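The values are calculated or read from the model by the stated rules, or taken from the named source; none is laboratory data. In this text the structure is predicted, and so the values were computed from the model without any measurement. Cβ: placed from backbone, ideal geometry, glycine included. Neighbour counts: every protein chain shown.
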Amino acid sequence: MKRIILIILMFSFGNLFSQNGLSPEQFMRYYVKVVNEEKIKEVQNCYHFPHSIIENGRIMYYDNAEIPVIDYNTFKKTGWVYSKINEIKVIAESGNTAIVQMDFSRFGKNDKEYLRTTMFYSLTKEKGYWQIINRTGMLNRTF
């Protein structure tokens, strides 16, 4: 009986996070999906804590998982309605680390593109599933 319970628990926790078993490219698609769906808990889980964001040479550190990575109220003030991936390139990948280049656009009302940019993401698989440990780009912080 104990063995059956242990097996059930292993399968339950093994699938606890939606990004389990995803490739770096699939993970980035999942990340944009949950950002667009405004699923704060899932977005938070896409980030490793601590992590850093470098934008235009400014370094920001985040070590508190209780503080949302994305402030959707501020984000929406920029006109954001949704984001769309234009291209993803996995630059490098090993067992627990990946570097991904993502070209994406932000869209506002009437599907009008108001921003197109490229960001670089360093991913870690420290907890058994991909998470963002660093995001670097030339984008001015809008959220």
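Key figures
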read-out: Hits in the stretch 51-74 (condition: farther than 17 Å from M138 by Cα and in contact (Cβ under 8 Å) with a residue 24 or more places away in the chain); value: H51, P68, V69, I70, D71, Y72, T74
read-out: Members of the stretch 73-94 that are assigned to a helix (DSSP H, G or I) and either touching an Asp or Glu at 6+ places or on another chain (Cβ under 6 Å) or of a type in the set (S, T, N, Q) (or both); value: N73, T74
read-out: Within the stretch 74-95, tally of residues that are at pLDDT 95 or above, over 28 Å from K127 (Cβ atoms) and among the polar types (S, T, N, Q); value: 1
read-out: Looking only at the stretch 59-93, and only at residues there that are among the basic types (K, R) and closer than 20 Å to E38 by Cα, the one that is farthest from the chain's Cα centre (by Cα); value: K77
read-out: Residue that is nearest to S105 (Cα to Cα), among those in the stretch 45-94 that are of a type in the set (G, A, S) and exposed (fewer than 14 other Cβ atoms within 10 Å of the Cβ); value: G57
read-out: E25 being charged (D, E, K, R), surrounded by 12 or more Cβ atoms within 10 Å (Cβ to Cβ) and either modelled with pLDDT under 95 or under 15 Å from the mean Cα position of the chain (by Cα) (or both); value: yes
read-out: Top-ranked residue in the stretch 96-130 [being in contact with a Phe, Trp or Tyr (Cβ under 6 Å, 6 or more places away or on another chain) and not in a loop (DSSP other than H, G, I, E, B); ranked as surrounded by the fewest Cβ atoms within 10 Å (Cβ to Cβ)]; value: E113
